[in-house]
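What follows is a single structure, written as structure tokens, with notes after it.
Laboratory data are not the source of any read-out in this text; all were calculated from the coordinates shown. Everything quoted here is computed from the prediction, not taken from an experiment. Cβ placement follows ideal geometry from the backbone for every residue including glycine, while neighbour counts extend to all protein chains displayed.
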Amino acid sequence: MKRNILFLFIVLFSIFSIQAQILDPVKWETKVEKLSETEYNLIFEAEIEEHWHMYSQDLPEGGPMPTEFIFDSIDTVDNFKLIGKVVESPYITAFDKVFEMDLNYFDYEATFTQKIELINQSLNEISVDISFQVCDDEKCIYPQKTVVFTLNNSKADLTNIIKEEPEATIKDANSPTVKVPESDSKSLWSIFFTAFFLGFLVLLTPCVFPMIPMTVSFFTKQSKTRGQGIRNALLYGFFIIVIYTLLGTAVSAMFGSNAMYEFSTGVTFNMIMFIALLIFAFSFLGAFEIMLPNSWVNKVDSGANRGGIVGIFFMALALAVVSFSCTFPIAGTALLDAATKGGIAPIISMLGFSSAIALPFALFAFFPSWLNSLPKSGGWLNTVKVVLGFLELAFAFKFLSMVDLVLEWHFLEREVFLAIWIAIFGTLGLYLLGKIKLPHDSPLEHISVGRLCMALLALSFTIYMIPGLWGAPLKLISGFPPPMSTNSESPYGVGYMKKQVADAASGKHLDLPEGAHYGPHDIVAFHDYDIGLAYAKKINKPVMLDFTGITCVNCRKMEEQVWIEDRIFNLLNNEVVLISLYVDDRKKLPKNEQYESELTGNKITTYGHKWLEYQQLNYNTNAQPLYVIQDTNGNDIGKPVAYTPDVDEYYDWLDAGIKAFKDQ
């Protein structure tokens with residue numbers, strides 16, 4: 001028992017020690033490259049700890065805080081001038097579910113280069129301030145570093161120009177986005193199995209499924225021996241894989257990861273994909289049939305009649321050509337998505353896709369008796385095709401929403417997008433229940449259990465999306481609808497008015513305290529510590545300090561998933577004075593309020609750095625979020641807590657702090 005208690009104490013102490021410390025996950029080093037008598041490259045090298053990532057200089061509005069290099073304007077004018085902007089090494093781009101946008105970031109390392117022209121030849125040192133945001137899976141911090149470049153030891157060496165990255169891969173802050181090839185094995189396995197699943201879906205379409213028993217029977221019956229039949233079927237499957245994998249290789253080689261990514265994130269690509277998926281969706285739904293020219297099909301068929309290995313290759317090619325109308329929409333989408341990830345991703349994608357198609361031909365050649373267990377071709381194949389048509393129709397509007405976001409049309413806003421998806425999946429559910437008939441449907445005498453389950457799934461998904469019109473976050477489809485914050489007719493949900501607007505509309509008058517504003521969920525909050533503390537003393541309520549950030553991911557999670565709970569919201573709204581101190585606030589302090597940092601000796605010039613230093617000095621941590629309960633004299637009540645997604649745990653902490661204040 002004593003041993004267990006001791007162990008628990010050690011664990012709790014370790015956790016507290018980890019939380020209460022100054023985190024420094026990025027180490028900076030500097031180098032100077034002398035290009036001529038007056039020109040230099042100043043090189044910033046960042047070494048980033050595992051599991052952390054640092055954001056690029058190039059980020060969209062509404063996202064995290066970008067990396068920024070601040071050169072003293074007075075020194076720059078008198079001593080040197082900047083040539084161009086800071087050039088950064090290639091970064092990773094990935095979709096962030098919290099910010100609901102693609103973000104650019106660095107893992108493990110990053111290099112930044114600024115070219116300068118020296119004006120004052122006697123200058124020995126150049127000091128640069130670096131502001132940046134770095135996050136892991138649980139928290140974000142907003143450090144400020146000052147680095148110093150020493151010039152007097154640099155020897156002129158015109159060949160000693162940065163060669164760590166080829167010129168084509170160095171990205172300027174204003175140039176198009178560069179995508180780093182994904183080499184992570186987990187990511188490649190994910191691409192493979194996603195494509196494999198899509199290939200399996202293609203097998204169930206009327207273009208491919210009937211070919212399985214026909215082709216396997218041909219090889220087993222036309223071959224002189226069973227072994228020869230198995231060999232021919234294996235060759236057939238192998239050539240299917242070769243054909244599709246060559247397609248992936250060609251895309252990767254022709255476009256390259258960078259060009260493909262730039263294309264895929266542009267308006268042209270997204271509009272093309274919208275139109276293409278719309279056309280294929282209507283084709284799958286039975287409006288018309290898409291076919292390749294008959295001359296192409298005839299040429300491939302003539303090659304298949306040659307016999308031998310060459311004939312088997314042309315038979316595999318014939319399958320790809322004949323099934324074009326079913327395979328291309330799905331294979332093309334998977335291929336282009338993989339191409340945006342760069343490297344060998346397109347090859348891996350087509351390898352997975354074609355493996356799923358080739359697998360049954362090999363299996364049934366080994367076990368021909370299994371063919372008898374295959375369901376017979378019939379109306380269900382067309383049903384699968386129609387379901388895929390509905391899915392393509394839904395995804396088409398995802399591509400259109402990207403165009404709407406980039407061009408700021410504000411046509412396909414979140415509510416409109418959700419309304420379209422609700423209509424599509426609701427119609428799909430009715431179709432599966434037999435309430436809607438399409439041109440190529442067979443008579444439906446009864447609904448199978450499988451079809452009923454799919455109908456229930458589609459209708460359940462439809463009902464799930466409806467609350468999204470009233471502001472529900474819809475976490476299952478996060479990233480598909482346009483973000484509520486930047487592209488919405490009603491940012492707070494259909495029919496919802498912000499509290500202050502609703503009060504004004506009803507004639508109710510509410511005066512905000514001086515220096516206060518409406519914070520998350522319209523909770524009255526302060527940004528200035530002294531003003532907030534004075535108000536708390538006036539109304540005799542405890543203070544809750546909220547060390548947060550404009551771009552803090554976990555701060556938003558706490559606000560959207562924990563603070564919104566009724567019992568916690570009531571406490572925050574009625575029982576405490578909320579003071580939110582934004583450590584990444586870049587607004588300048590008045591000149592008379594700027595001061596020298598106790599920690600670094602640098603000048604504190606912004607509100608964000610003021611609150612960050614306050615947090616570090618008093619709580620020995622620079623990670624956000626951090627929550628502290630204080631009395632009206634600014635004394636802490638209990639222990640601070642960091643990111644606490646457990647609602648019960650956070651409520652207990654908040655309630656205990658409030659009760660402790662009342663008991664004083």
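Take the Cα atoms of the stretch 511-662, build their convex hull, and give its volume per residue in Å³.
Expressed per residue, the convex hull around the Cα atoms of the stretch 511-662 is 113 Å³.
Can you tell which of PHE238, ALA396, PHE284 lies farthest toward the positive end of the dipole of the stretch 207-477, using +1 and -1 charges on the Cβ of basic and acidic side chains (Lys, Arg; Asp, Glu)?
PHE238
So what are the stretch 370-480's ellipsoid semi-axes, whole angstrom, largest first, if each one is the square root of 5 times an eigenvalue of the alpha-carbon gyration tensor? Could you put the intermediate results ahead of the total?
On the way: eigenvalues 202, 47, 31 Å².
That gives 32, 15, 13 Å for the three semi-axes.
Sort 437-443, 27-33 by packing, meaning the average of other beta carbons within 10 Å per residue, with the highest value first. Let's see the in-between values first.
Working: 437-443: 12.4, 27-33: 14.7.
The peptides rank, most packed first, as 27-33, 437-443.
So if we plug the beta-carbon distance of ALA419 and LYS115 into 1/(1 + (r/R0)^6) with R0 = 56 Å, what FRET efficiency do we get, rounded to 0.05?
For ALA419 and LYS115, the calculated efficiency is 0.65.
Spin-label point model (7 Å from Cα, Cβ direction): what's the GLN664 to ALA250 distance in nm?
With each label placed 7 Å out from Cα toward Cβ, I get 7.5 nm.
Given points 7 Å out from each Cα along the Cα-Cβ axis, report the VAL147 to LEU201 separation in nanometres with one decimal.
Rounded to a tenth, the inter-label distance reads 4.5 nm.
So for each of 533-540, 425-432, 271-278 I average, over its residues, the number of other beta carbons within 10 Å; can you give me the resulting order with the highest mean first?
Packing proxy ranking, top to bottom: 425-432, 271-278, 533-540.
Quick one: if you stick a label point 7 Å off each Cα along the C-beta vector at GLU47 and TYR464, how many nm between them?
Here the modelled spin labels are 4.5 nm apart.
I'd like the FRET efficiency for PHE218 and PHE411, computed as 1/(1 + (r/R0)^6) with the beta carbon distance as r and R0 of 60 Å, rounded to 0.05.
Step by step, r from the Cβ atoms, then E = 0.70.
Greater than 20 Å separation of Cα atoms is the criterion. Which listed pairs, LYS537/LYS659; LYS27/LYS81; LYS537/LYS662, meet it?
Flagged as over cut-off: LYS27/LYS81.
Multiply the residue gap between ASP528 and ASN124 by 0.36 nm, knock off their C-alpha separation, and tell me the result in nm, one decimal place. List each step's numbers first, then the result.
Working: separation 404, 0.36 × 404 = 145.44 nm, distance 4.05 nm.
Stretched fully, the ASP528-ASN124 segment lengthens by 141.4 nm.
Structure shown: which of LYS145/LYS591; LYS115/LYS557; LYS139/LYS538; LYS85/LYS610; LYS224/LYS385; LYS538/LYS587 lie over 30 Å apart, alpha-carbon to alpha-carbon? Please list the in-between numbers first.
Details: LYS145/LYS591 21 Å; LYS115/LYS557 40 Å; LYS139/LYS538 34 Å; LYS85/LYS610 28 Å; LYS224/LYS385 37 Å; LYS538/LYS587 28 Å.
Checking Cα-Cα distances, LYS115/LYS557; LYS139/LYS538; LYS224/LYS385 exceed 30 Å.
I'd like the FRET efficiency for ASN540 and THR268, computed as 1/(1 + (r/R0)^6) with the beta carbon distance as r and R0 of 60 Å, rounded to 0.05.
My answer for the efficiency is 0.45.
Under 1.5 on a/c is rounded, so check that first for the stretch 207-477, then, if it is not, pick prolate when a/b is larger than b/c and oblate when it is not; a ≥ b ≥ c are the square roots of the alpha carbon gyration tensor eigenvalues.
oblate
Subtract the Cα-Cα distance of LYS591 and TYR108 from 0.36 nm times their separation in residues, and report this length gain in nm to one decimal.
Taking LYS591 through TYR108 to full extension adds about 170.1 nm, to one decimal.
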